[in-house]
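Notes to accompany the following structure.
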Ligand code: NAD
């Protein structure tokens with residue numbers, strides 16, 4: 001593990017294609033979660049600093065929207081190549097600030113890069129429709145145009161992937177972008193912005209402004225920002241959606257989750273246990289698509305618990321930069337303690353603590369917590385009702401398929417879900433009935449590939465469009481429909497009737 005006793009460095013914003021020092025005198029500490037040390041101080045922007053970035057982006061938008069599609073595609077291709085070359089460096093930044101293990105960080109970058117590959121196809125994605133001769137001598141066609149200055153506000157858990165979900169499509173569509181990353185792990189955004197400059201992106205097209213509620217409110221209220229794409233927890237997503245739309249903006253706000261995995265009695269229990277362990281404890285459970293509740297149907301419960309319990313001690317927990325470790329620390333000390341609190345509350349509320357991650361001993365001051373497994377968890381218990389966002393897997397029991405389905409239907413979230421079964425008919429019925437936006441059939445973390453779109457239902461998404469893919473292009477453009485005629489002046493005449501096709 002790399003430990004450092006060096007003085008924390010002070011980070012900067014990225015405005016107009018260059019690093020810009022913060023002026024607010026307010027900062028937020030950035031930790032290395034594996035050591036517990038503060039490694040950086042992050043400036044938190046004022047309204048005036050946010051406005052300076054918006055003015056820069058507004059000026060850049062004038063020429064950027066007029067740039068050719070081939071130029072935009074070429075920049076995306078170049079950025080994709082640079083990112084691929086330097087992914088190891090970016091993965092180290094993710095590990096140093098988020099804590100996730102190096103292989104998982106590389107996976108995050110690969111899934112983010114997919115979205116840049118999608119954006120490389122922008123000339124094809126922005127093709128409109130054309131109808132010739134809708135009336136005598138009249139043609140109609142549609143054009144997708146950029147919105148202007150748009151913003152992205154992102155969470156701590158995917159500091160590279162979630163910004164890449166948004167900014168490639170937004171920029172390729174001809175918008176200029178203000179990114180407000182999570183204050184907990186902000187360096188990945190700066191790395192991405194610098195790489196875009198190297199790829200030839202004109203100054204001011206991509207800006208990174210760090211901050212907290214002050215900067216977020218300034219974004220939501222700013223008259224020159226046309227749209228806001230948000231990913232984070234449900235209470236903040238709701239706030240962003242309500243406030244952003246009340247200021248006349250287009251908003252998509254993706255929120256939290258409580259993803260259930262239904263294990264039917266005919267499932268291969270070994271495969272289901274492997275999937276549950278991977279999906280519940282990967283990235284220390286800090287994934288919005290993590291499986292947090294396994295619903296064991298019929299008599300599958302005891303077998304599933306045994307199989308998961310047997311696998312847990314084999315998972316190597318430790319610093320993300322040590323090869324071989326599979327699960328790193330949590331993001332902050334406070335979050336680690338909050339997650340640990342759910343284990344205690346589950347016990348008090350009648351669940352069985354099969355494996356208690358608090359008993360796992362770690363050296364040093366890192367924000368580590370071992371893997372926990374809770375059985376007989378029920379709706380009404382805090383561990384069931386809340387999004388824990390940590391390495392705690394709850395197992396709930398359901399006597400029948402219908403009872404399991406009812407638990408999913410009654411849950412306020414609808415982000416991801418999965419069914420494990422060998423019965424194709426049951427899986428198809430599940431896919432038909434379940435009220436969740438992303439469904440896995442024997443796939444525990446069904447994050448759609450970049451040419452589909454990502455989004456939950458119910459309290460997991462506020463707005464109409466999903467993130468990235470075709471919906472991403474729709475979100476970052478507006479449609480103009482042109483009706484065109486090149487008349488012969490000789491046949492021109494006055495007609496006060498409402499236009500109709502002839
Ligand atoms: P968060 O909601 O605390 O923060 C997200 C962003 O909002 C950050 O940039 C933060 O600075 C800002 N923010 C926080 N509090 C604010 C406030 N009071 N006013 C204005 N802005 C505020 O989320 P997080 O802890 O960084 O991330 C974890 C959450 O994100 C989990 O709930 C997880 O499920 C969710 N998430 C969802 C998805 C998805 O696609 N649905 C993906 C990743 C993460």
Quiz item: Condition test on residue 96, is it part of a helix (DSSP H, G or I) and surrounded by 23 or more Cβ atoms within 10 Å (Cβ to Cβ)?
Solution: yes
Practice problem: Could you tell me which numbered condition residue 216 fails, if it satisfies all but one of (1) farther than 13 Å from residue 46 by Cα; (2) within 14 Å of the ligand (Cβ to nearest atom)? | Solution: (1)
Quiz item: For residue 473, are the conditions met, namely being away from the ligand (no atom under 16 Å from the Cβ), over 22 Å from the mean Cα position of the chain (by Cα) and either at pLDDT 95 or above or closer than 30 Å to residue 317 by Cα (or both)?
Solution: no
Exercise. Could you please let me know if residue 232 is outside the structural domain of residue 366 (by TED's automatic domain parsing), free of Cβ contacts under 8 Å to residues at least 40 places away in the same chain and within 14 Å of the ligand (Cβ to nearest atom)?
Key: no
Quiz item: Just one of 25, 56, 115, 74 is in a helix (DSSP H, G or I), surrounded by fewer than 16 Cβ atoms within 10 Å (Cβ to Cβ) and either modelled with pLDDT of 95 or more or out of contact with any helix residue (DSSP H, G or I) (no Cβ under 8 Å at 6 or more places or on another chain) (or both); which is it?
Solution: 74
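Residue by residue, here is whether (1) surrounded by 23 or more Cβ atoms within 10 Å (Cβ to Cβ); (2) in a loop (DSSP other than H, G, I, E, B) holds:
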| residue | (1), (2) |
| --- | --- |
| 347 | no, no |
| 358 | no, no |
| 362 | no, yes |
| 366 | yes, yes |
| 369 | yes, yes |
| 380 | no, yes |
| 388 | yes, yes |
| 393 | yes, no |
Quiz prompt | Unique match (being under 30 Å from residue 364 (Cβ atoms), assigned to a helix (DSSP H, G or I) and modelled with pLDDT of 95 or more) among 82, 90, 50, 42 | solution = 90
Practice problem: State whether one or more residues within the range 396-404 are crowded, with 17+ Cβ neighbours inside 10 Å and within 26 Å of the chain's Cα centre (by Cα). | Solution: no
Self-check item: Candidates 172, 226, 199, filtered to the one that is touching a strand residue (DSSP E or B) at 6+ places or on another chain (Cβ under 7 Å) and in contact (Cβ under 8 Å) with a residue 24 or more places away in the chain
Solution: 226
Self-check item: Hits in the range 281-292 (condition: in contact with a strand residue (DSSP E or B) (Cβ under 8 Å, 6 or more places away or on another chain) and either assigned to a loop (DSSP other than H, G, I, E, B) or more than 14 Å from the ligand (Cβ to nearest atom) (or both))
Solution: 281, 288, 289, 290
Exercise. Say whether the condition of being within 16 Å of the ligand (Cβ to nearest atom), within 22 Å of residue 436 (Cα to Cα) and not assigned by TED's automatic domain parsing to the domain that holds residue 427 is met by at least one residue in the range 241-251.
Key: yes
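Considering each of 320, 324, 270 in turn, give the residue that is buried (at least 19 other Cβ atoms within 10 Å of the Cβ) and more than 21 Å from residue 453 (Cα to Cα).
From the options 320, 324, 270, the qualifying one is 320.
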Practice problem: Output the residue which, of all residues in the range 131-176 that are within 15 Å of the ligand (Cβ to nearest atom) and in a strand (DSSP E or B), is nearest to residue 285 (Cα to Cα). | Solution: 153
Quiz item: Counting just the residues of the range 427-457 that are surrounded by fewer than 17 Cβ atoms within 10 Å (Cβ to Cβ) and not in a loop (DSSP other than H, G, I, E, B), which one comes out nearest to the ligand (Cβ to nearest atom)?
Solution: 457
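Being under 19 Å from the mean Cα position of the chain (by Cα) and either modelled with pLDDT under 95 or more than 20 Å from residue 26 (Cβ to Cβ) (or both) is the requirement here; does residue 191 meet it?
yes
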Practice problem: Name the single residue, out of those in the range 395-423 being part of a loop (DSSP other than H, G, I, E, B) and away from the ligand (no atom under 16 Å from the Cβ), that is nearest to residue 327 (Cα to Cα). | Solution: 421
Practice problem: Look at residue 56 and say whether it is in the same structural domain as residue 181 (by TED's automatic domain parsing), without any contact (Cβ under 8 Å) to a residue 12 or more places away in the chain and farther than 30 Å from residue 451 by Cα. | Solution: no
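The values are calculated or read from the model by the stated rules, or taken from the named source; none is laboratory data. Because the structure is predicted, anything quoted here is derived from the model rather than measured. Here Cβ is always computed from backbone atoms with ideal geometry, including for glycine, and neighbour counts include all displayed protein chains.
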